[in-house]
Amino acid sequence: MKQLFDRNDGKLVIAHILFAFAALLIGGIAGMLQGMVRGGMVTLPANIGYYELLTAHGVLMALIFTTYFIIGFLYSGVSHTLGGRLLPAARKLGWIGYLTMSVGTVIGVIVILLGKATVLYTFYAPMKASPWFYIALALVVIGSWLSGFGIFYQYRKWRKNNSGKLSPLFAFMSVVTMLLWQIATIGVAIEVVVQLIPWSFGWVDTVNVVLSRTLFWYFGHPLVYFWLLPAYICWYVVIPKIIGGKIFSDSLARLSFLLFLLFSIPVGFHHQLMEPGISSFWKYLQVVLTFMVIVPSLMTAFSMFATFEMHGRAKGARSLFGWFRMLPWKDVRFFAPFMGMLIFIPAGAGGIINASNQMNAVVHNTLWVTGHFHLTVATSVALTFFGIAYWLIPAVTGRVLTPKMNRLGIIQTIIWCVGMFFMSGSMHTVGLLGDPRRTAYTTYDDHPDAVLWMPYHVAMAIGGMILFVGVLLIVYNVIALMRAPKGETEYPIGEVSEASEPTPRYLERWGIWLGIAVALILFAYTIPLIDMLNNTVNSPGYVTW
């Protein structure tokens, strides 16, 4: 008999997952309209602005969809692996965090749609929104902290009651993910509460622009790994179970996550390579640290394909790539995350270009950058999250994935990949031709260069429409999963290969790893922040819409 998911924990998980997909739907509508406007296909009504849609799309997709899904997913795994159910205090923190984030999200979306916060997803100064937008952001961050504390509480109690035991891999990875989030959001919390809220209320006349941007990007790049690490949890822990294989190495998986914790936070300056006010030495240092993140990414790629090959060899594959045929290609729970893995190869290569000083000068603030993060979060992460939904929702609601829903999931995955091929491929190409991002439809007075960009804009719009079909289909599938036939669905947690080396205990000595992380952050940021405070570049607020 398979272990059933605790009903009360399931309600908390499903609340997060459904909210996430509601945000995906609204954000998808905004994104499709935005693409059609830029492609010259439609003209918006006078009361709806292009940049208003751009702000709504970025906030709902990059912040709300991802954060809600991640917290719901992590709570499900922590509940399942740390005792089979959440402790009352952990569940209570989860609900308080959910409600706090939800209040903040509703306020933020209303303010955006009223045209009072058209500051785009990167909401740093000097563009100034309504103070209620910044208050909404603060509530989202505070709510996520409370949810993180619930995960920490459950983990700490389990460790206390299981002294000397190695914690489950899923739970360990969940703690690392939320630690990264808690540390990274300190920067944006300081920016919003100390700088932007007093400034937007008019209590102060100006704000330190360089400091505002730096505090945002202290958070802005680790956010990418907050998106990616839950996808990696699925790849490391869940996918081996789904394909019928074993986890290649527990210790390699834990070490890779700890390296992400160390090197993904003190790297924000690589988003500010073109900005004045920051010494070239500190930019260089943070670029080096950015490249260090490539190491755990390559470790992850090696581990996953080793898992696939071991599984194939165990099933009798003999040729060099014979194991490839042994993978369950008709199972959406594998197919969607695998396509995310595959697409992360060019996505990661694009990230190396963005973080390189000379190459970044070519693509900076062009549509290349937009194409890059649509490959990362909107493809690698999103497809993995979709694949998770096909087993997570049935597991926590006591239902089963039917063959029809599985086929629809395969179709939805293919639609998503085709749409992203058109959209992101066009973005990358036209970005290399110098086309700027964050601009509405314009031919720049029929300038020859801008006219040559237009076919790419049309292709982007077509890709966006195809992707919106994918959004509608995944939302339909989520609703169908909630109404699927009742039954028992296993929560898939993989087992470690018998050939794997034992996991060293020092990988769970949190004081060491947190100490190194804090030291790297202080080394990378202390002197630059002192310089910014001593040499202020102050600005009033600007409302450009």
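Using unit Cβ charges (K, R positive; D, E negative) and no other charged atoms, how large, in debye to the nearest 20, is the dipole of the range 420-545 about its Cα centre?
Values: 6 positive and 11 negative charges, 70 e Å.
Around 340 debye, computed over the range 420-545.
Put +1 on the Cβ of each Lys and Arg and -1 on the Cβ of each Asp and Glu in the range 65-203; which of VAL103, SER147, VAL192 then has its Cα farthest toward the positive end of the dipole?
Selected residue: SER147.
State which helices in the chain qualify, where a helix is a whole DSSP H run, it must extend 27 Å or more along its own axis by its Cα atoms, and its mean Kyte-Doolittle hydropathy must be at least -1.0. Show your work: numbers first, answer last.
Numbers: long enough: 7-38 (46 Å, 1.10); 88-113 (37 Å, 1.37); 131-161 (45 Å, 0.34); 169-190 (32 Å, 2.06); 294-314 (30 Å, 0.75); 332-355 (33 Å, 1.47); 403-432 (43 Å, 0.80); 448-482 (52 Å, 1.76); 510-534 (35 Å, 1.70).
Those that clear 27 Å and a mean of -1.0 are 7-38, 88-113, 131-161, 169-190, 294-314, 332-355, 403-432, 448-482, 510-534.
For the range 55-181, evaluate the Debye formula with one uniform point scatterer on each Cα (no solvent term) and list log10 I(q)/I(0) at q = 0.10, 0.18, 0.19, 0.20 Å⁻¹, rounded to two decimals.
So the normalised log intensities work out to -0.37, -0.88, -0.95, -1.01.
Can you give the Rg/Rh ratio of the range 131-282, where Rg is from the C-alpha atoms and Rh is the Kirkwood radius? Let's see the in-between values first.
Details: Rg = 18.8 Å, Rh = 17.6 Å.
Dividing the radius of gyration by the Kirkwood radius yields 1.07.
Modelling each spin label as a point 7 Å along the Cα-to-Cβ direction, I'd like the ILE479/THR536 distance in nm, to one decimal.
5.3 nm
Consider all pairwise Cα distances in the range 1-80 and report the whole-number % of them above 21 Å. Mind showing how you got there, number by number?
Details: 1394 of 3160 pairs.
Distances greater than 21 Å cover 44 percent of the Cα pairs.
What per residue convex hull volume, in Å³, comes out for the range 449-545 when only alpha-carbon positions are used?
Working: hull volume 38.6 nm³, N = 97.
Hull volume over Cα atoms, normalised by residue count, gives 398 Å³.
Gap in Å between the Cα centre of the range 470-545 and the Cα centre of the range 310-324?
33 Å
Give me the aspartates and glutamates in straight-line cross-link reach of LYS283: C-alpha distance below 19 Å, same-chain residues under 8 apart excluded.
Within the straight-line cut-off, LYS283 pairs with GLU275, ASP531.
Can you list the lysines whose alpha carbon sits under 24 Å from that of LYS315, skipping same-chain ones fewer than 8 residues off?
Qualifying lysines at Cα under 24 Å: LYS241, LYS246, LYS330.
About its Cα centre, how strong a charge dipole does the chain have in debye, to the nearest 20, once Lys and Arg get +1 and Asp and Glu get -1 at the Cβ?
Working: 34 positive and 20 negative charges, 390 e Å.
With Lys and Arg at +1 and Asp and Glu at -1, about 1880 debye.
For ILE186 and PHE291 in the same chain, what is the full-extension length gain: residue separation times 0.36 nm, less their Cα-Cα distance, in nm? Don't skip to the end; give the middle numbers.
Working: separation 105, 0.36 × 105 = 37.80 nm, distance 2.31 nm.
Using 0.36 nm per residue and subtracting the Cα-Cα distance, I get 35.5 nm.
Charges on Cβ only, +1 for Lys and Arg, -1 for Asp and Glu, centred on the Cα centroid of the range 244-398; of LEU375, HIS364, THR307, which one is farthest towards the dipole's positive end?
The listed residue farthest towards the positive side: THR307.
How large is the charge dipole for the range 61-177, taken about the Cα centre, if only the Cβ atoms of Lys, Arg (+1) and Asp, Glu (-1) carry charge, to the nearest 20 debye? Don't skip to the answer; put the middle values down first.
Details: 10 positive and 0 negative charges, 95 e Å.
Its charge dipole is roughly 460 debye.
Mind checking which lysines have their Cα closer than 25 Å to the Cα of LYS116? Skip sequence neighbours fewer than 8 apart in that chain.
Within the straight-line limit of under 25 Å, LYS116 reaches these lysines: LYS128.
By how many nm would the segment from GLN358 to LYS157 grow when fully extended, if each residue of separation counts as 0.36 nm and the alpha-carbon distance is taken off?
On the way: separation 201, 0.36 × 201 = 72.36 nm, distance 4.90 nm.
Gain in length upon complete extension: 67.5 nm.
Contour minus end-to-end for LYS404 and THR206, with contour as 0.36 nm per residue of separation and end-to-end as the Cα-Cα distance?
Values: separation 198, 0.36 × 198 = 71.28 nm, distance 5.79 nm.
The span from LYS404 to THR206 would gain 65.5 nm if fully extended.
Pick out, from ILE512, VAL471, ILE411, the residue whose Cα sits farthest towards the positive end of the charge dipole of the range 411-545, with +1 on the Cβ of Lys and Arg and -1 on the Cβ of Asp and Glu.
Sorting the options by dipole projection puts first VAL471.
Relative to 2.2 N^0.38 Å, what does the C-alpha radius of gyration of the chain come to as a ratio? Two decimals please. All intermediate terms of the calculation are to be shown ahead of the outcome.
Details: Rg = 22.8 Å, N = 545, 2.2 N^0.38 = 24.1 Å.
Relative to the rule-of-thumb radius for its length, the chain sits at 0.95.
Here, each number is a calculation from the coordinates, and none is a lab measurement. Predicted model only: the values in this text are computed from it and were never measured. With ideal geometry, Cβ positions are generated from the backbone for all residues, glycine too; neighbour counts draw on all protein chains shown.
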